[in-house]
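Here is the structure we will look at, set down as structure tokens.
The values are calculated or read from the model by the stated rules, or taken from the named source; none is laboratory data. All values reported here derive from a predicted model rather than from experimental measurement. Every residue, glycine as well, gets a Cβ built from its backbone with ideal geometry; the counts of neighbours run over all protein chains shown.
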Amino acid sequence: MEVETLLKFITLLVGFYMAWNIGANDVSNAMGTSVGSGALTLRRAVLIAAVLEFSGAYFIGGNVSETIQRELIDVTLFMNDPKTLIYGMCGALLGTGIWLQLASYFGLPVSTTHAIVGAIVGFGVLTIGWAGIQWNMIGSIVLSWILAPVLSGCVSYFIFGLLQRNILFALNPTIATKRFIPFLLFIVFTTFSLSLIFNGLGRLDLSFTLPQAMLVSLSIGGVSWAAGLVVVKRLPTPKTSIKSEERSLPFTLISLEKAIKHLRRARTGSIDTRNEKITGLLEEMHDLKRDLRKKASFPERTSEYNHAEKAFGGMQIISACFVAFAHGANDVANAIAPIAAVLDVIKNGVISETSSIPSWLLIFGGIGIVIGLATWGWRVIETIGRKITELTPTRGFCAEFGAALTILLASKMGLPISTTHCLVGAVLGVGLARGIRAINMRTVKDIALSWIITLPASAVMSILCYYGLRLILDK
């Protein structure tokens, strides 16, 4: 076998291994909320991922791929030694894949973006030194890793708080659900359509200006709103068995929480005996709040609440599609960008400053991702879907939609953010909306520790794999 053919085979092999591990770990994050809430079975989650991951990777995946491929390290410094770049990129893929497989085995949702960035920077520092690293881009990526989970958590917290006040705590949750679902369908489909039309249809030789894309997206959103009106009319409206005083408890609880906030502000500005009186009032109100919380959970066990959650099962399937599309758009780059860089060098014999990502390579990465989810994804799905906080369709929908919005925004900007961070941040946001006690802090600590370890671990494994490949292939 010729050396060039051997290098291509090894590159594609380790690239597929990396994509497989992305599916086993990262796509499991995307599907974990839906499977955990019971809205989707694992088989259906795999089928949705197969279609939507492909779509996101094919239409928008090139933006982030170019960042991973060219803007982390100065590849022009390898002009006189292209083989080093080949071995380094292959080593980064292999080392990252090994680390991800270990994390998936223990059910830890680590960030593949952290891993591949750490791996490429690790071999870059080893071969071309600190000066060869594009620190401005690295700084932007690290900042996005911090901001992305905070943003997705805040969006999910806001959306769930809105649904909680207007649907779950409503006097008639089923009627409230019927009013809200068409509006939510409009928002979801308009956003999804805008992301696809404005960002990705260039690959099909179709281009739209922003006003044109907005017009088409709003039209699609309007159709989904009309379809939602038709669907919700068919939803049954159960007769309630809750007493009127029990139905008003959630409203009383919300008003009480607002009163507590105002009293805290009043206490801050008081320095005399009024401070002690306000403190006493606050303690009484906190006791009352705890009692009301126990009673306010009663509607969640009624048929009305169950009907509202069942209606949101369909909404969560739509949001799962949204997340799968967003994930394919952002994280397929983690696997295919190093492959594209290596194949370009092998083909041309030199390192070019610019190169396009071929469509077949985006599809190749999508195949590996879906197979990884189908064969090993259940381990991480268990962590995301069940071990952080208890998820229901309404909670899962809020978490997925908040995360997907954040991911798609970053994909448009070409930033390789962590899908894992976004999903975990969103699930935490939903959990916090229910109170800190609703969150399993032990699981959160384990996840946070794995995130911290990922960067140095993937860098070290990348360097070891680089030396191993060089030792074997240079013989």
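Let's see how each residue does on (1) outside the structural domain of W451 (by TED's automatic domain parsing); (2) at pLDDT 80 or above:
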position	(1), (2)
G153	no, yes
R179	yes, yes
P182	yes, yes
T190	yes, yes
L194	yes, no
I197	yes, no
F208	yes, no
P211	yes, yes
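Conditions tested, residue by residue: (1) at pLDDT 70 or above; (2) among the aromatic types (F, W, Y); (3) farther than 17 Å from F169 by Cβ; (4) assigned by TED's automatic domain parsing to the domain that holds A404.
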{"residue": "H262", "(1), (2), (3), (4)": "yes, no, yes, no"}
{"residue": "R267", "(1), (2), (3), (4)": "yes, no, yes, no"}
{"residue": "D272", "(1), (2), (3), (4)": "no, no, yes, no"}
{"residue": "G280", "(1), (2), (3), (4)": "yes, no, yes, no"}
{"residue": "L292", "(1), (2), (3), (4)": "no, no, no, no"}
{"residue": "G313", "(1), (2), (3), (4)": "yes, no, yes, no"}
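Looking at the range 132-162 only, could you name the residues that are in contact with a Gly (Cβ under 6 Å, 6 or more places away or on another chain) and not hydrophobic (A, V, I, L, M, F, W, C)? Result: G132, P149, S152, G153, S156, Y157.
Would you mind stating whether T302 is surrounded by fewer than 21 Cβ atoms within 10 Å (Cβ to Cβ), over 30 Å from N80 (Cβ atoms), modelled with pLDDT under 70 and not aromatic (F, W, Y)? Yes: the conditions hold for T302.
What pairs come up if the first residue lies in the range 435-451 and is assigned by TED's automatic domain parsing to the domain that holds A103 and assigned to a loop (DSSP other than H, G, I, E, B), the second is modelled with pLDDT of 70 or more and buried (at least 17 other Cβ atoms within 10 Å of the Cβ), and their beta carbons are under 9 Å apart, counting only those six or more places apart or on different chains? Within 9 Å, the pairs are I439/V427; I439/L428; I439/G431; I439/L432; N440/G431. Close Cβ contacts (under 7 Å, 6 or more residues apart or on different chains) running from residues in the range 135-163 that are farther than 15 Å from L409 by Cβ to residues that are among the aliphatic types (A, V, I, L, M) and modelled with pLDDT of 85 or more comprise I138/V121. The set of residues in the range 117-174 being within 30 Å of S462 (Cβ to Cβ), of a type in the set (G, A, S) and not in a helix (DSSP H, G or I) consists of G129 alone.
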